[in-house]
Structures are given as C-alpha cells and as structure tokens.
Amino acid sequence: MDNIYEDNGIFNFLFQLPQIIYSSLVTSVLNIILKSLAISEEKIFDMKKEKDSEKFKQKAKSLKRNLKIKLIIFLILSSLLMLLFWYFISCFCAAFINTQLILIEDTLISFILSMIYPFGLKLLPGFMRIPALRANNKDNKCLYKISLLLSSL
C-alpha cells in the first residue's frame, strides 16, 4: 500500500508481478485440491471394468457413498472459500477506497494469466513427448515420465 501512495497511484507492473505470481500459485494449489474432490472419473472407469456382478454392486455402493461424501465436502469447502474471499475483498475495499482501481487491475491481470498459463502447461508435455517417442533406442524414458507428470497437473 505504501508503494502505491508513493507512486501517486500509478500502477507499477514490475512491482506487482511477484504478488500476481504468488496469487496464481495459491489459486493453482486450491484448484488441485478442489479438483481432487470433484473429479472421480478413474474410480467410475475401474468400476465399469468389473465383470462379476456382485463385485460390481459392491463397488457401485462404495463409489456412490464416496461420491456423496466428496460432493458434500466439495460444496462446503468451496462455499466457505467463496464467503471468505467475498468478506476479505469487501473489507479491503471498504478500508482502502483509493486502491479499488488497482485491485481491479491486479484481478484482471491475474485472471488473464490464469487463462494463459494452462496453455503452456498443456503444450509443454506434448513438446516433451515428441522427442521422447521419436528416440531410436528409447533412451528418453525420463523425458517421457516427466511429460506424464506435467500432464497430470
């Protein structure tokens, strides 16, 4: 806040860049946690592969119970986070009236960054796999495994 008033309210992108990166990283971590609660495709596919009808029914019951629990936790956690963020931003804007424009600019830059960097995260594993798969003696297994790890993020 002090630097904003020293610069007469001028937006300094280089000064704000670390905060924008930190907020994007925190958002990514929260996104991974919420995705782990919301996405259950693998368990459903595992259940569909079951040939025995009795085991299928047991897995279906267990999966249904697990999905209900995960959904409840997801809804509660996401609702609490939204309320916390709403309260924080409301208090911030009420206390620092002159910085609302800077908050909007920071929010837009963070939003644009969060829309752009997934492209890099999804293209990078592909660019790593191409040389790994084209290698004649398959000595690039490490590169391929890294690309698998990056694609799972």
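ASN137 satisfies every condition listed in (1) assigned to a helix (DSSP H, G or I); (2) over 23 Å from LEU14 (Cα atoms) except (1). Of everything in the range 27-82 that is of a type in the set (Gly, Ala, Ser) and farther than 30 Å from PHE111 by Cβ, the residue that is farthest from the chain's Cα centre (by Cα) is SER53. Taken over the range 79-103, residues that are at pLDDT 85 or above and not aromatic (Phe, Trp, Tyr) amount to 12.
Residue-wise test of (1) touching a helix residue (DSSP H, G or I) at 6+ places or on another chain (Cβ under 8 Å); (2) of a type in the set (Val, Ile, Thr).
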site	(1), (2)
ILE89	yes, yes
THR99	yes, yes
ILE112	no, yes
TYR117	yes, no
LYS122	yes, no
PRO125	yes, no
ASP139	no, no
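For the structure I just gave you, tell me whether LEU63 is over 30 Å from LEU14 (Cα atoms) and in contact (Cβ under 8 Å) with a residue 40 or more places away in the chain. Against the criterion (over 30 Å from LEU14 (Cα atoms) and in contact (Cβ under 8 Å) with a residue 40 or more places away in the chain), LEU63 does not qualify.
What residue, among those in the range 83-96 that are aliphatic (A, V, I, L, M) and surrounded by 10 or more Cβ atoms within 10 Å (Cβ to Cβ), is farthest from the chain's Cα centre (by Cα)? Across the range 83-96, the extreme among qualifying residues is ILE89.
Could you tell me which residue of the range 36-51 is nearest to LYS64 (Cα to Cα), considering only residues that are surrounded by 11 or more Cβ atoms within 10 Å (Cβ to Cβ) and among the charged types (D, E, K, R)? Out of the qualifying residues, it is LYS43. Close contacts from the range 72-95, counting a first residue that is of a type outside the set (Ser, Thr, Tyr) and a second that is surrounded by 10 or more Cβ atoms within 10 Å (Cβ to Cβ), with Cβ to Cβ under 6 Å and a gap of 6+ residues or different chains, come to ILE73/LEU37; PHE74/LEU37; PHE74/ALA38; CYS93/GLN100.
The values are calculated or read from the model by the stated rules, or taken from the named source; none is laboratory data. On a predicted model such as this, the values are computed, not experimentally measured, just so you know. Because the Cβ atoms are built from the backbone with ideal geometry, glycine has one as well, and the counts that use them run over all protein chains shown.
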